[in-house]
Amino acid sequence: AQSVAQPEDQVNVAEGNPLTVKCTYSVSGNPYLFWYVQYPNRGLQFLLKYITGDNLVKGSYGFEAEFNKSQTSFHLKKPSALVSDSALYFCAVRDQAGTALIFGKGTTLSVSS
Amino acid sequence: KAGVTQTPRYLIKTRGQQVTLSCSPISGHRSVSWYQQTPGQGLQFLFEYFSETQRNKGNFPGRFSGRQFSNSRSEMNVSTLELGDSALYLCASSLSDRQQETQYFGPGTRLLVL
């Protein structure tokens with residue numbers, strides 16, 4: 001069965017520093033991987049996805065993610081964090097049997113000024 | 001383009017009642033999926049509709065049902081509400097039911113069951 005793990009409940013980083021939010025996955029076959037962000041009392045906003053091709057995927061708001069097949073990871077990164085990046089981040093994998101998204105438990109990113 | 005819209009945004013019901021939530025997808029999108037978000041269980045897939053047909057269903061009891069109309073708008077219904085149904089219900093739309101398509105989410109309907 002497909003699954004996604006986000007090993008950190010919370011990540012704290014100072015503004016201007018690089019940030020990484022970790023995600024590992026387990027799928028049979030080729031993975032379709034997604035990152036979403038959720039601000040308080042809001043829905044999920046799409047950041048980026050990996051379908052195939054380059055292992056480094058660039059997305060919205062300066063975020064990027066690195067797909068590593070051997071480590072089954074898809075970590076979200078940003079070179080310089082902003083206070084406004086503080087939010088809840090979800091990694092997801094597309095269910096191989098259909099089109100449902102299987103989400104990790106989420107990681108709260110806190111960026112301090 | 002307007003994003004995914006969901007109505008109502010907030011809802012308070014009592015145990016045993018039923019509720020209907022509505023979702024209007026992004027114009028041109030034909031696939032609509034529903035998810036439940038709770039602090040304990042996180043984000044869980046409910047069901048997906050494409051061209052008025054349910055294509056996929058998550059592990060939820062039969063009290064949870066849905067439908068899609070010819071204009072791609074979708075509704076989900078929960079009958080005989082339980083306290084544990086209190087959650088944020090999120091609707092997402094995508095162009096098609098292909099696995100590589102991005103799902104775009106609405107703001108959600110927050111349901112409180114008393």
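Where a number appears in this text, it was derived from the coordinates with a stated rule and is not lab data. Because the structure is a prediction, the values reported are computed rather than measured. Quick reminder, even Gly has a Cβ in these numbers, built from the backbone with ideal geometry, and neighbours come from all protein chains shown.
Indicate, rounded to the nearest 5 percent, the antiparallel portion of the DSSP beta bridges found entirely in the protein assembly as shown.
Around 90 percent of the beta bridges assigned by DSSP in the protein assembly as shown are antiparallel ones.
Take peptide A:41-48, look around each residue's Cβ out to 10 angstrom, count Cβ atoms belonging to other protein chains, and average those counts.
6
Nothing charged except the Cβ atoms of Lys and Arg (+1) and of Asp and Glu (-1): what's the magnitude of the dipole of chain B about its Cα centre? Round to the nearest 20 debye.
Charge dipole, chain B, about its Cα centre: 140 debye, nearest 20.
Counting partner chain Cβ atoms within 10 Å of every residue's Cβ in B:99-112, what's the average?
Mean partner-chain Cβ count within 10 Å for B:99-112: 5.
Give the average, rounded to an integer, of partner chain Cβ atoms located within 10 angstrom of each Cβ in A:100-109. If you can, show how the numbers build up before the last one.
Details: counts 13, 8, 4, 6, 2, 3, 3, 0, 0, 0.
If you average over the peptide's residues, the count of other-chain Cβ atoms is 4.
To the nearest 0.05, how large is the calculated FRET efficiency for B:LEU11 and B:LEU95 if R₀ is 41 Å and r is the Cβ-Cβ distance?
Plugging the Cβ-Cβ distance into 1/(1 + (r/R0)^6) gives 0.90.
Once every Cα of the protein assembly as shown carries one equal point scatterer and solvent is ignored, give the base-10 log of I(q)/I(0) from the Debye formula at q = 0.09, 0.18 Å⁻¹, two decimals.
Debye intensities relative to I(0), on a log10 scale: -0.36, -1.34.
Can you tally the net charge around A:ALA65? Count Lys and Arg as +1, Asp and Glu as -1, for every other residue whose Cβ sits under 12 Å from the Cβ of A:ALA65.
+2
Given a Förster radius of 25 Å and the C-beta distance between A:GLU15 and A:LEU56 as r, what FRET efficiency does 1/(1 + (r/R0)^6) yield to the nearest 0.05?
The value I calculate is 0.60.
Would you work out the relative contact order for chain A, in percent, from Cα pairs under 8 angstrom that are 6 or more residues apart?
Values: 284 pairs, mean separation 42.1, N = 113.
That works out to 37 percent.
Rounded to the nearest 20 Debye, what is the dipole magnitude of the protein assembly as shown about its Cα centre when Lys and Arg each give +1 and Asp and Glu each give -1 at the C-beta?
400
With r defined as the distance between the Cβ atoms of A:TYR39 and A:SER70 and R0 fixed at 41 Å, what FRET efficiency is calculated, to the nearest 0.05?
For A:TYR39 and A:SER70, the calculated efficiency is 0.75.
What do you get for Rg/Rh of chain A when both radii come from the Cα atoms and Rh is the Kirkwood radius?
Using only Cα positions, Rg/Rh for chain A is 0.95.
Counting Lys and Arg as +1 and Asp and Glu as -1, each charge on the Cβ, what is the dipole of the range A:15-113 about the Cα centre in debye, to the nearest 20?
On the way: 9 positive and 6 negative charges, 27 e Å.
Dipole size: approximately 120 debye.
When the Cα centres of the range B:84-114 and the range B:6-83 are compared, how far apart do they sit, in Å?
What the calculation gives is 7 Å, centre to centre.
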